[in-house]
1. Would you mind getting the accessible area per residue of region B:39-84, heavy atoms of the protein chains only, 1.4 Å probe, in Å²?
2. Rounding to the nearest 20 debye, state how big the charge dipole of the protein assembly as shown is about its Cα centre with +1 on each Lys and Arg Cβ and -1 on each Asp and Glu Cβ.
3. What list of ³J(HN,Hα) values in whole Hz, one per residue of region B:436-443 in order, does the Karplus curve 6.51 cos²θ - 1.76 cosθ + 1.60 (θ = phi - 60°) give from phi, with Gly and Pro shown as x?
4. Check which residues have an amide H placed less than 5 Å from B:Trp387's amide H, if you skip close sequence neighbours.
5. Mind checking how much accessible area A and B bury in total, 1.4 Å probe, in Å² rounded to 100?
6. Using a simple charge model, +1 on the beta-carbon of Lys and Arg, -1 on the beta-carbon of Asp and Glu, nothing else, what dipole does chain B show about its Cα centre, in debye to the nearest 20?
7. Using modelled amide H (1.01 Å from N, peptide plane; none on Pro or chain starts), what sits under 5 Å from the amide H of B:Val468, excluding residues fewer than 5 places away?
8. Just grab the label-to-label distance for B:Asp874 and B:Ser400, each label 7 Å out from Cα along the Cβ direction, in nm (one decimal).
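The values are calculated or read from the model by the stated rules, or taken from the named source; none is laboratory data. Predicted, not measured: the structure shown is a model, and the values here were computed from it. Note that we place each Cβ from the backbone using ideal geometry, even for glycine, and neighbour counts take in every protein chain shown. Ligands, DNA and RNA are stripped out before the accessible areas are found, and what is left, the full protein with its side chains, is counted by its heavy atoms. Shrake-Rupley method; radii C 1.70, N 1.55, O 1.52, S 1.80 Å.
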Amino acid sequence: MIINHPLLGPRDASEFVYLGDASLMNRPNPKSETAAEDFHAYMYLRDNPPGEHRELWFHEQGDRSWLIVTRNTLTHEITKVELARSSKGLIT
Amino acid sequence: MSLINKNIPLSFTFDGKSYFGFEGDTLASALIRNKVRLVGRSFKYHRPRGIMGAGSEEPNALVEIHADGVCEPNRRATTIKLFDGLSAKSQNGSPSLGFDVLAINDWLSPFLSTGFYYKTFMWPKAFWEKVYEPAIRRAAGLGKIIQKPDPDSYDKGFLHCDVLVIGGGPAGLQAALDAGRVGKRVILANDDFVLGGRLLSDPILINDKPSIEWAQNVEAELRSMDNVRILERTTVYGAYDHGIFGALETKTDEIGGSGARMVLWKIYSKASILAAGATERPIAFANNDRPGIMLASAVRTYQKRFEVDPGVNIALFSNNNNALSTLHKVLIDARENEFVIDTQGRKSLKSIRLNDGRNIKADCLAVSGGWNPNVHLTCHQRSRPVWDEKKSCFLPNINSLPKNMHVIGAANGNFTMSEVFESVRLTGKALGHKPADSPPTDSETYEVTAFWHVKGKKRAWVDYQNDVTAKDITLAHQEGFSSVEHVKRYTTLGMATDQGRTSNVIGLAILADATGQTIPETGTTIFRPPFTPVPIGAFAGPHKEQHFKPTRLTPSHKYAEESGATFVETGYWKRSQWFAKEGEQGWRDSVDREVITTRGSVGICDVSTLGKIDIQGKDAGAFLNKVYVNSFKLLKPSKCRYGLMLREDGIAMDDGTSARFSDTHYVMTTTTANAGTVFRHLEFARQCLFPEMDVHLISTTEQWAQYSVAGPNARKLLQKIVDPEHDISNEAFPYMACGQVTVCGGTRARIFRLSFSGELAYEIAVPTRYGDALIRKLMNAGEEFGVCMYGTEALGVMRIEKGHAAGNELNGQTTAGHLGLGGFVSKKKDCIGKVLSQREGLIADDALRLVGFVAVDPSDQITNGAHFINIGDDRIATNDQGYMSSVAYSPELGHYVGLGFLKSGANRKGDELWAVDFVRNHHIKVRVVSPHFVDPDGERLRG
């Protein structure tokens, strides 16, 4: 696979480390009354959809960016690649 | 225009006999040239077999290539380019190819049908592993592996192109030319060592001249273009995502030659054009596997390209008009209801019997059951081919091709030359190649009548390589295996090294007939890479032995080598394990001495392998508060602190110390093993969880050489090294202080007053390039104190004596509470893992707790991995009380000490238990003690 890094251009997938569902970015509020349940869901209940999936990849053999890659799990087609940081609106 | 150079004879041996061939021959054509007909024995029935094909589809002629006591098995004789001195041997014939005792399996065949092993060798059960399986394994199978290292080298390479053309026949040549002429970067991969494909075999005219002239002109033009690269003898074996292809280039078949024998290419293409051609299929009829029975196209290839005749009396059995150009004496035309119903001749074909009762003398029978497009690469991303009734074959499904792939020529079912050039032209137009008009060529037609199987009582082979007959397929159906995927696995149809190139479609047709379904209803099995076998050595490439993974050497490596170190691999690092001195009888002598010297005076250990992460920014402290359970935000500059890091699920991930150099600058250390994963975890926290924080990270593990100087004389030694303007007295530089100093007259250094050993100790770090010089300076300066180097074993002994957790304790199952570090977890702040670490199962009253153990009888040896059982209880898993995680002999105490996890361990000091070790059959009584065996109050490290 080739991942089109937003800063570095097309890079081979072997340069990356895969983590999984991008919902891992949404860490629950530890002060919430339901924190225990929230963290359990955050940690263990992930979607594994056939089709489009937003997932986290780490460019470990590159610039160490965490990327959010939107990939079709059936066709491996990649439709969007974002810097994880910019997805939270902190940098553009 | 001969493709055989008779001026260059090449000598070779087959089964020890010497022969000659010519340059341009394959091993197969050279064997035919020398009238060798019997070349192997079949997989299961040990039937005599000859050469059947002329290319990579060959199922029968598998041979071993030998050289210098090593051999490569299962090579297709049809794809080995003959070279001088080639030594080849047949397979699966014992004691000899001509007289094979296991040929008795052929007479026993009524008992050896599909599923025979599963049905027969059931009793007694214990016999399977000891008797049946070894005997069956000896009898079955093809080549044998020689258990020696492969003497050859293999390489890997990466290529990029605009257009990858797969196949060097007429379609591929013209497509490459069109793309090359418009300036595209083109790679043309051809699995043969001559370009031309079927033009080499068939009497075709292009521009009214033998088509081979056209092919050679195109080749010359392609070779003149800088933007075109021709890869010869290169098989594209897999089509992967996003236009990436795997290809294997065979540089030479010679074993042990110079240079890489094969190159594994990873090709990145913007577009691909599949021109892989088609494979002829045989027809199933009784005894259709005798030497001399060949594919019609192969017979033509030997006749025209290699200028040898596979037989004198050649009969042709065909269901189509394409095969008629094969030179033959007798035609058996399946379209006219003429069939071959049996054949005679055990080691070579002698005659054939027809359905009209005729017996025909023939030493070669050319068979054509029609053509199968080589659709494999179109299906590697789960496309399924579609059945074409008229052409009686599966065609690529153009609606689900791999992205940017185009299929042309025979691979697309374009079996006539005019269709071939038209398909090239259309694809060229689609790709913007401005294709020229197609050259004028013969008016060919392709007319085929579906015909698969001459039914009869005798065995008719479908899969030659795995000895699967038509009867096996119908039997599988009778026994309930009707799905094509089940039939494949039950009968092994198409599961040999040729992956059913010549057999799968016939097998499907016979299955369809048995089930009453159509062929498209029956469907195909899934096509998977590789298209043809790829040696494991090619996948490994140069990454073998010491090159399999990198080796990282510590800054003191050279000095350690000179000092007699034994090294141990920790991750990629080679660390000094111990330093043997003259007279020491074994590792324990050295380790004990290193511990005693360090605890008695001073010892030095290279700790550069610990991960070092530089953390800077306004929010560096707040960031550390998030990743460590304990607080770092309030740590004063010039101070260090021990930190414990959790995974988000609450399990301990890593530990280490972090030092604060300024308000905005920390340096974290991690364990050696986790340096990479911790860094990745921190980047995840920084970029994905807390991107609002102003903090930056960089790994500096390899930038600093760091030594631990430990022992009561550590300060005295360091004072000789650290420049005098830096005060490192106990008052100015107390326990857990850190600072930037200079050493040896101006070299910048960092110094940390940390102790893993429990002694008065410092870690001193200099830029890596000074690491070798510093260790020599330190050792010289320490001479007056009797300093020693100590390795990872002594380090381990001292940390166990002190009760410090390490990798054995941070084992992915333990929490801060288990480690006895529950009090470290700050109640005032959140951190990664804090919420889930409080799950009830992890904080149960009887949760495991790290404690110390000594043997009740001090002369007993404690063993690592032993499980604790209360005295009086049965030694069974349900009574398990925990396990011993780390063990060492303490030279200071004179007996073994252990660390381990014990249920309710904190409340059980003084209890006696069994430490049960079934692995070593060593069970001893142990007593629960504090894990801090040496200097429990920490007076030494503060001294």
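1. Solvent-accessible surface per residue comes out at 23 Å².
2. Details: 120 positive and 119 negative charges, 154 e Å.
Rounded to the nearest 20 debye, it is 740 debye.
3. Running phi through 6.51 cos²θ - 1.76 cosθ + 1.60 with θ = phi - 60° gives 6, 4, 5, x, x, 9, 4, 8 Hz.
4. Residues meeting the amide H criterion: B:Leu395.
5. 2500
6. Computed about the Cα centre, the dipole is about 800 debye.
7. Here the answer is B:Val462, B:Asp463, since their amide H atoms fall under 5 Å of that of B:Val468.
8. Using points 7 Å along Cα→Cβ, the separation is 5.6 nm.
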